[in-house]
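S.K.: Shown below is the structure under consideration.
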């Protein structure tokens, strides 16, 4: 299927996911309703802790319904994991340079007996009015135990002190020329000049201007590239910075769970995030050569400028070409958080809309199956959580007395334990927020509304926009400058 035809699926992706997730939820609802037990005539009454009189109902789904639901969930999870692993293994074993030019066996065969020199690291930092965060980003690079060989700030239409601060820090600055295609366009301009002069052991790192590397990131990544010439990319695991009150803690908990999930996948990458990712030059050149042929995009461009989430799109492009990539546990970064609900809404809507557009552009392929499954899972989760909160709301406002259901309380306790365990490394604040449960559920509902907005926008063909978030200057920084 050619890229143009795949792109036509773009608008239908929202409709397809909405209908599929709704259909699955409806089937489960009918199955549970058909096999449910007869309701008792009236709730029983008892005492809690010897003095609190409560009403409770012991009704629960029939055992066969519970077992069937558990079996179905396990089968679906195991099925997705098995298919994902089989696709990855088949890609690694491919010997076809046409369909998998970056497949490990193809790369190993092409580079056998060839020494491309020691691994070098060139860092590109795309920056648009990033005077607040850029100095700390550059400092985290220069303080690495294994320093980068070259640091280039890609200044894109900056109107603040970004260029002056970068020059003062002693790094190179390249300003974009007549760029109207945001971050992707600015990076493409620099990469077109940079890549032809790089060898196979020269690595390019793309790093957001609001990210700080933890020490040891570059050393661990360079070690991986040095010992595995088939490795095409290394992605960072990101954690949220301190501060920003409750909304900041919501995001930190979310990022902790994501990093934990990647760790459980043994470093298998889901998305090479823009916070900090490293690419072998061979991988980026192959992507540019394949654009407009085997993958969507403009021939010669590394980044697809039509994608709202260019980092996610580049990940899918590399996977489609057979590229091997990892996210080692030692490669961690601290990234800035959205300071308000409006900026968080803008960021997440762009992420969600971009993810839908990316899979719509590539279509249903072996490499995109897991991304389709993720979107369907999110859609199903939106329906499940929305139904749960709606039923609680109806119960509160339709009954004079609250009725406790021990079965569902037990499931709630298990869910709460899981929420706490997955953010345990985040400290007492993360654990306290997780154990209270309902605040995070309402944060999840906020993200669900963003998801619904993204699905609706792409289904209705609404024009998407890329919004830059300007971060406020920290008080301590301004105080230091005044002094």
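Each value in this text was obtained by applying a stated rule to the coordinates, not by laboratory testing. Everything numeric here is computed off the predicted structure, so don't read it as measured data. Every residue, glycine among them, receives a Cβ derived from its backbone with ideal geometry; neighbour counts consider all protein chains shown.
S.K.: Note the angle between two axes, namely the Cα long axis of helix 217-227 and the longest principal axis of the Cα atoms of the chain, as a number of degrees from 0 to 90, rounded to the nearest 10.
M.R.: 70 degrees
S.K.: For every helix of n ≥ 4 consecutive DSSP H residues, a contribution of -39,500 (n - 2.57) applies; sum these over the chain, divide by its total residues, and give [θ] at 222 nm rounded to the nearest 500 deg cm²/dmol.
M.R.: After summing the helix terms and dividing by the residues of the chain, the value is -17500 deg cm²/dmol.
S.K.: First measure r as the distance between the Cβ atoms of residue 298 and residue 437, then evaluate 1/(1 + (r/R0)^6) with R0 = 51 Å and state the FRET efficiency to the nearest 0.05.
M.R.: 0.60
S.K.: Determine the relative contact order of region 333-439: mean sequence separation of Cα pairs under 8 Å and six or more apart, normalised by residue count, in whole percent.
M.R.: In percent, rounded to a whole number, it is 11.
S.K.: Name the residues of region 70-99 whose amide N is less than 18 Å from a point 7 angstrom out from the Cα of residue 265 along the C-beta direction?
M.R.: Those under the cut-off are 76-92.
S.K.: Right, here's the next one. Report, to the nearest 10°, how far helix 438-459 tilts away from the longest principal axis of the Cα atoms in the chain, using its own Cα long axis and a range of 0 to 90°.
M.R.: On a 0 to 90 degree scale, this one is about 60.
S.K.: Label points 7 Å out from Cα along the Cβ direction at residue 57 and residue 407: separation in nm?
M.R.: Inter-label distance under the simple model: 1.1 nm.
S.K.: So what's the convex hull volume per residue for the Cα atoms of region 415-468, in Å³?
M.R.: Value for region 415-468: 110 Å³ per residue.
S.K.: Can you give me the angle between helix 341-362 and the longest principal axis of the chain, using Cα atoms only, in degrees from 0 to 90, rounded to the nearest 10?
M.R.: Its long axis makes an angle of about 80 degrees.
S.K.: May I pose another question? Could you tell me the center-to-center distance, by alpha carbons, between region 76-150 and region 254-294 in angstrom?
M.R.: Going from one Cα centre to the other spans 7 Å.
S.K.: Figure the gain on full extension for residue 82 and residue 180 (residue separation times 0.36 nm, minus the Cα-Cα span) and round it to one decimal in nm. Each step should come with its number before you reach the end.
M.R.: Values: separation 98, 0.36 × 98 = 35.28 nm, distance 4.22 nm.
That works out to 31.1 nm of additional length.
S.K.: Taking 0.36 nm per intervening residue step and subtracting the Cα-Cα distance, what contour gain separates residue 246 from residue 29 on full extension?
M.R.: Working: separation 217, 0.36 × 217 = 78.12 nm, distance 3.48 nm.
Stretched out fully, the residue 246 to residue 29 stretch lengthens by 74.6 nm.
S.K.: At residue 168 and residue 392, where each label point lies 7 Å from the Cα along Cα→Cβ, what is the point-to-point distance in nanometres?
M.R.: Label at residue 168, label at residue 392, 5.0 nm between them.
S.K.: Which whole-number percent gives the relative contact order of region 107-358, counting Cα pairs below 8 Å spaced six or more residues apart?
M.R.: Over region 107-358, the number comes to 23 percent.
S.K.: Which order do the peptides 171-177, 246-252 take when ranked by the mean count of other beta-carbon atoms within 10 Å per residue, highest first?
M.R.: Going from most to least packed, we get 246-252, 171-177.
S.K.: Using r as the Cβ-Cβ distance of residue 424 and residue 110, and R0 as 56 Å, what FRET efficiency do you calculate, to the nearest 0.05?
M.R.: E(calc), rounded to 0.05, equals 0.80.
S.K.: Let me know the whole percent of all Cα-Cα pairs from the chain that are separated by more than 34 Å. Mind showing how you got there, number by number?
M.R.: Working: 47543 of 116403 pairs.
Roughly 41 percent, once rounded to a whole number.
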